[in-house]
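Everything on this sheet refers to the single structure shown next.
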Amino acid sequence: MQSIAINECPPLAEPTAKIAELSFLERYPELAFYLQKDPALGRKMEAHYRRVEQFCRYHLAPHVLDIDLKLRDDPHYVPHELLKKACDYRLFSMMFPASVGGAGEHVISAFMTYEMIASHCVGVANLLGVSGLALACVLASFDPRAISKVARLIVDNEKKGIPTFLSTCVTEPGAGSDAEDADEFTHAQLRTTAKRVPGGYRLNGNKVFISNGALAALHVVVAYDADGAHRPEDLLLFLVARGSEGLSVPRNEKKMGQKVCPASEVVFEDVFVPDEMVCRTGDKGSYFAYTGIANVLGLTRAGVGAFATGVTENAYRTALQFVRSNDFLGQPMEQQQWVRIELANLARRAQVARATYVSALLAVCAKGLANPITRVPDWGVANWALTQPGIANVRDSLLDSSIAEKLFKRIAATQTTSERDTVTAYGDVAKVSCSELAMENCQRAISLMGKGGFRHENGAEKLLRDVKLLQIYEGTNQVNMLDFVKRRLPRQFSNADTLV
Amino acid sequence: MDIETLTLLGDSVRSWCEDNASLLGKMEHKQPSNELLNQLYGTFNSLGILSILGEQETHHEIEALAEVATQLAYHSPSIAVMVVQQNMAAWLFTEAGKSAPEGWISLPVYDAASEWRFQINHRYNQGQLSLDGRWSSLPLLNVATHALLPIAAKEGRDFQLILLPLTQNERGLSVSAPAVTLGLRACPTADLQFAQYDVKQEHILLSGEKARACTELLWSHAETCMMAIRAGIAKASYRTARDYAAQRYQGGKIIIEHSLIRKMLADFYRETCAMDESWRMMAQGLQSDQPLRHGQVGVALKSGDLLPWLTSDGIQILGGVGYMEDYIQERRFRDAKQCEFLLGHPHARTLNLWHHESE
Ligand SMILES: Cc1cc2nc3c(=O)[nH]c(=O)nc-3n(C[C@H](O)[C@H](O)[C@H](O)COP(=O)(O)OP(=O)(O)OC[C@H]3O[C@@H](n4cnc5c(N)ncnc54)[C@H](O)[C@@H]3O)c2cc1C
C-alpha cells in the first residue's frame, strides 16, 4: 500500500493588521486569584501568552484563509513554513518540563495556547492539540520511560526546526463512541490486535479518522493483546514510529472543515513493535483501561473546550470586523443598536465558554492527569545542567528505572474515584457546552453578516465548517452527556453506570 | 395544474435526478464548468421546467414549480435554486410582454426587496440612468447571458427592471471571478461591478408601478419555492440519518434502538414533516395578486432559521462519517445555512415584516 505524498508550501505573506486583542488578565481574570500566590508563575504565563499572540498575529492569522483554500484543492498540502515557525516559538515542547529540555510551560499556558491559536484557526490548534492527546495517553500509562522517549523526540526535533507530530490511533470502523469510554469498551468492535513475539509485539489492524495520521512521527496505538480475552484490561498501548515496516497511511479523508489537520486511515500489517516501544501500563492494563482513559478524556475534553472557546471568540471577531466595514439597509452596521447587542452576545458567549473550560482545566490541574505535571519543580540552573548531554544520560537512566515507575504510579494512585469522576464530568461539560456555544456563535455570526457570511473571503463560512467537528470527536456530544450522567448523577438513576 | 399533472411532473424530475445522481453529486463538490451548466440549461429546457410559471402566474403554477424545486433539492439544492430563479426571470419577461433570451439569467435571489435600493448607487444624469458600485453574490453570473436587476425608484424616477447583457465587453461593467462559498456550490455566485455604467433605453425591461408591484409580488411568491427547497434538503438529511442509524452498531446495539437516537430522529422527522406541509399549504393558499400574508412570511423565515440546526443534527446522528465529504450529510448542512439567505437577509426581512405591521 502506498503512503500519501506531502506537498511543499510556498513562502508566507506579510502580516496584516488585526482587531486589538484582550490582555492576559482581561481574558483570564479568574486566574489572578491563583496567581497572587505565585507571581513568578503569573509573569511566566503572561510572557508565554504574549509570544503566542505574536505567533498568531504575524505568522498564522494572515495565512489562514489561503491555507484553507489550498487544502480545498489538495488535501495533502501541509503549511511547512508555518509549522517551522511553531518550532521557533517552542509550541511543540511547551508542556515538557525544562529538565527534559522542554519549554516548561504550565498546563494552563498550553491550553491558553490552544485557545488562542483556535481563535485564528482551530484546524492548526487541532494539529498541535492532537499531539497533546497522544501525549496524554502516554502520560496516563505512567510509564516514565515512554514519556521521556516521546519528550526527547519532540524536544530534539524542535531544536532542529523539525515539527514533530503524534497521532492517537483508537477509532476503528466498528469502534467509534464505544472506544471513547472505558465502560463501553466491551461493546467496541476493536479489531486491532498485538501478538506477542520474541523481543516485542506484532500489530495488525485498521484505524480510521486518525488526526495527524499522515504527519505523525509516532503513532500512539491502542490494541488488544491477541492472547487476552478482549477485556479492557487486555488493552495495550504502543508507540509506532513512522516508516515502520507494514505501517501505511493509504488515504486522507476529505473533511468538511479543519482541513489543515489531516484525518487519515492508518493500517498496521504485521508491524513489529519492539518492547521498548510498548508502554508499560502495568497491572495487566487495568489501571490504564479504567482510570487512565477516564483521566485522558477529562484532560482532552477540556482541551476541546479550549478549541471551542477559540472558535467562539473568532466568530465574534469575524463578525465585528465585518460590521465595522459594512452597511445594513443604508446605515453603517456598527451604529445600529441591535447589531451592537448581537456582537455583545457573541462576545458574551466567548466569555462563558472560557470560564467553562478554565474551570474544567483547573479541576484537571488540581485532581486530574495534569496534576503530576504541574508538580514538576522549576529547578532553574539545575534544569540547564540536567539537559547537558552527560548528565542527561544519568537522568534518562534514572527515569528508566523501576523506582521512577513506582513513583509515577504512586502519584496516579492518589486520585480517588470521586475526584476522577468530578474531573471527567467537568471535561464533559467543557466539551459539550463550549462546542455548543461555538456552534451558536458561528451560526449567528453568519446570520448577522447575511450573504457576506457565506463567502470564504470573510472568514465566517470556514468557522461554521470547522466548528461542527468539535461536537463529534472525543466522543459525540451526546455520548459525552451520557458519560456525564454516569459521573454526576449516579445516585439519581439506577443503572446510571452504563451508556446503553 | 391538476393533481395528476403535478404528480407526473414531480415524478419525472425525481427520476431524472435519480438517473443523474452521480453527475449532481460531482457538481456539488467541485464547481461545474460553464459548459456543463449550459448543457443542463438545455436539458431542463427540454424537460419544460424552466418556464413553469405561465402567463397568468397562479397558485397552481407556483405549486408545480415548488414541487419541482423540492424534488430537485432532495438531490441538489443548487440546481433547485437555479431552476427557480430561471422561472422567476421567465415570468418577468412574460409580464413585460417579451420573450426571454436563451440561456441562464442571473437574478439577485440573495436580496430582499427592502435591500435592492442599497445594493448599488444609481443616479440620473439628464435622464440617463447611471450605475456605480458592486452588486454582490449574484447566482450564475459567470455563465448567464443576462443579469436582471431591480432598480429602486429615486429622484422622482420610477422603479425599473433592467436586463443587462453579459456576453459582450460592455464598458463600465465587469464580472468578478466566482466567489468561494459555504454551500450551493453547483450554482456559483459572482459580483457585478459597475463603473459609471450608463443603462441604455433598450436595457429597461419593465418600469413604473406595475413593474415594481409585479416584481415584489414575484419575490413574495417565490418564497414558497424556497421553502420547498428547504423542505427537500431537510427530508434528504433526515432520511440519510434514519437509514444510517438503522445499520450502525454502537453501544451494544443498532443505534436506532438507543432511545436517544430515536428521540433525535423523531424530532427531526416532526420538523421535516412540518416544513414539507408548510410550503404545500402556503402554495394552496396563495392568491395570485396578493403577496404572502405575514404569517406565511413568518413561517418561511422560521424554516430558514431552523434548517441549519436540523441538518447539523443530521450530521450528528452519523458521527464522524457525517463530517466527511463522501457522505452528503455535510453538504446539506452547508447548503442549509446558505439557504437561510434565499430571497434576502433574514434580519432585513424580519424588520420589513414588522414595518408593514406597525404601519
Ligand atoms: C475529523 C475527525 C478526526 C478524528 N480524529 C481522531 C483521532 O485522532 N483518533 C481517534 O482515535 N479517533 C479520531 N476520530 C474519531 C472520533 O473520536 C469519532 O468519530 C467519535 O468518537 C464518534 O464515533 P463514530 O464516528 O464512530 O460515531 P458513532 O459512534 O457511530 O456514533 C453515531 C451516532 O450514534 C450515537 N451513539 C453512539 N453510541 C451511543 C450510545 N451508546 N447511546 C446512544 N447513542 C449513541 C452517537 O452520539 C452518534 O450520534 C476523529 C473523527 C473525526 C471526524
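Rundown of residues vs (1) modelled with pLDDT under 95; (2) in contact with a Lys or Arg (Cβ under 6 Å, 6 or more places away or on another chain), yes/no style:
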| position | (1), (2) |
| --- | --- |
| A:303 | no, no |
| A:309 | no, yes |
| A:316 | no, no |
| A:331 | yes, no |
| A:334 | yes, yes |
| A:342 | no, no |
| A:349 | no, no |
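In the stretch B:137-167, what residues are surrounded by 21 or more Cβ atoms within 10 Å (Cβ to Cβ), small (Gly, Ala, Ser) and within 14 Å of chain A (Cβ to nearest Cβ)? Within the stretch B:137-167, B:137 is the sole residue that qualifies. Selection of the stretch A:440-472 for residues being facing another protein chain (nearest Cβ under 7 Å) and of a type outside the set (D, E, K, R) yields A:443, A:446, A:447, A:450, A:454, A:456, A:464, A:469, A:471, A:472. Of the residues that make up the stretch A:164-178, is at least one more than 12 Å from the ligand (Cβ to nearest atom) and either buried (at least 22 other Cβ atoms within 10 Å of the Cβ) or more than 14 Å from chain B (Cβ to nearest Cβ) (or both)? Yes, the conditions are met somewhere in the stretch A:164-178. Filter the stretch B:260-276 for residues that are closer than 22 Å to residue A:174 by Cβ and without any contact (Cβ under 8 Å) to a residue 40 or more places away in the chain; which is nearest to the other protein chains (Cβ to nearest Cβ)? Among residues in the stretch B:260-276 that are closer than 22 Å to residue A:174 by Cβ and without any contact (Cβ under 8 Å) to a residue 40 or more places away in the chain, the one nearest to the other protein chains (Cβ to nearest Cβ) is B:260. Scanning the stretch A:179-205 for residues that are within 16 Å of the ligand (Cβ to nearest atom) and at positive phi returns a single hit, A:205. Scanning the stretch B:248-259 for residues that are in a helix (DSSP H, G or I) and within 12 Å of another protein chain (Cβ to nearest Cβ), we see that the one that is nearest to the ligand (Cβ to nearest atom) is B:255. Looking across the stretch B:323-336, just one residue is near the ligand (Cβ under 9 Å from one of its atoms) and under 23 Å from residue A:447 (Cα atoms), and that is B:323. Within the bounds of the stretch B:224-247, is there any residue that is in contact with a helix residue (DSSP H, G or I) (Cβ under 8 Å, 6 or more places away or on another chain), within 14 Å of chain A (Cβ to nearest Cβ) and not hydrophobic (A, V, I, L, M, F, W, C)? Checking the stretch B:224-247: at least one residue is in contact with a helix residue (DSSP H, G or I) (Cβ under 8 Å, 6 or more places away or on another chain), within 14 Å of chain A (Cβ to nearest Cβ) and not hydrophobic (A, V, I, L, M, F, W, C). Taking the stated definitions as given, is residue A:227 among the charged types (D, E, K, R), under 25 Å from the mean Cα position of the chain (by Cα) and not in a strand (DSSP E or B)? Taking the combined requirement at face value, the residue does not satisfy it. If you filter the stretch B:301-317 down to residues that are surrounded by 24 or more Cβ atoms within 10 Å (Cβ to Cβ) and of a type in the set (A, V, I, L, M, F, W, C), you find that the one that is farthest from the chain's Cα centre (by Cα) is B:317. Counting only residues that are in a loop (DSSP other than H, G, I, E, B) and more than 10 Å from chain A (Cβ to nearest Cβ), the stretch B:285-326 holds 9 of them. Inclusion of residue B:102 among residues that are more than 15 Å from the chain's Cα centre (by Cα) and assigned to a helix (DSSP H, G or I) is not warranted. The listed residues are A:190, A:153, A:235, and the only one of them that is modelled with pLDDT under 95, away from every other protein chain (no Cβ under 14 Å) and touching a Gly at 6+ places or on another chain (Cβ under 9 Å) turns out to be A:235. When restricted to residues that are at pLDDT below 95 and away from the ligand (no atom under 14 Å from the Cβ), the stretch A:251-273 contains 0. The residues in the stretch A:206-252 that are surrounded by fewer than 19 Cβ atoms within 10 Å (Cβ to Cβ), of a type in the set (A, V, I, L, M) and under 24 Å from residue A:92 (Cα atoms) can be counted, and the count is 1.
Meeting the requirement of 3 or more residues that are not hydrophobic (A, V, I, L, M, F, W, C), the strands (runs of 3 or more DSSP E) wholly within the stretch B:128-235 are B:128-139, B:189-198. Of the helices (runs of 4 or more DSSP H) entirely within the stretch A:20-86, those holding at least 2 residues that are among the acidic types (Asp, Glu) and touching a helix residue (DSSP H, G or I) at 6+ places or on another chain (Cβ under 9 Å) occupy A:39-54. Contact map, the stretch A:147-170: first residue on the phi > 0 side of the Ramachandran plot, second residue away from the ligand (no atom under 16 Å from the Cβ) and not hydroxyl-bearing (Ser, Thr, Tyr), Cβ cut-off under 9 Å, separation 6 or more or different chains; pairs are A:161/A:84; A:161/A:87; A:161/A:88. Annotation note: of A:132, A:101, A:123, the sole residue that is at pLDDT below 90 and farther than 23 Å from residue A:362 by Cβ is A:101.
Of all residues in the stretch A:446-462, those satisfying the criterion of being aliphatic (A, V, I, L, M) and within 11 Å of residue B:337 (Cβ to Cβ) are A:446, A:460.
The set of residues from the stretch A:425-479 being within 11 Å of the ligand (Cβ to nearest atom), in contact (Cβ under 8 Å) with a residue 24 or more places away in the chain and not in a helix (DSSP H, G or I) comprises A:473, A:474, A:475, A:476. Scanning the stretch B:335-351 for residues that are crowded, with 22+ Cβ neighbours inside 10 Å and either facing chain A (nearest Cβ under 7 Å) or in a loop (DSSP other than H, G, I, E, B) (or both) yields a total of 8.
The values are calculated or read from the model by the stated rules, or taken from the named source; none is laboratory data. From a predicted model like this one, the values you see are computed outputs, not experimental measurements. Positions of Cβ are backbone-derived with ideal geometry, glycine not excepted, and every protein chain shown enters the neighbour counts.
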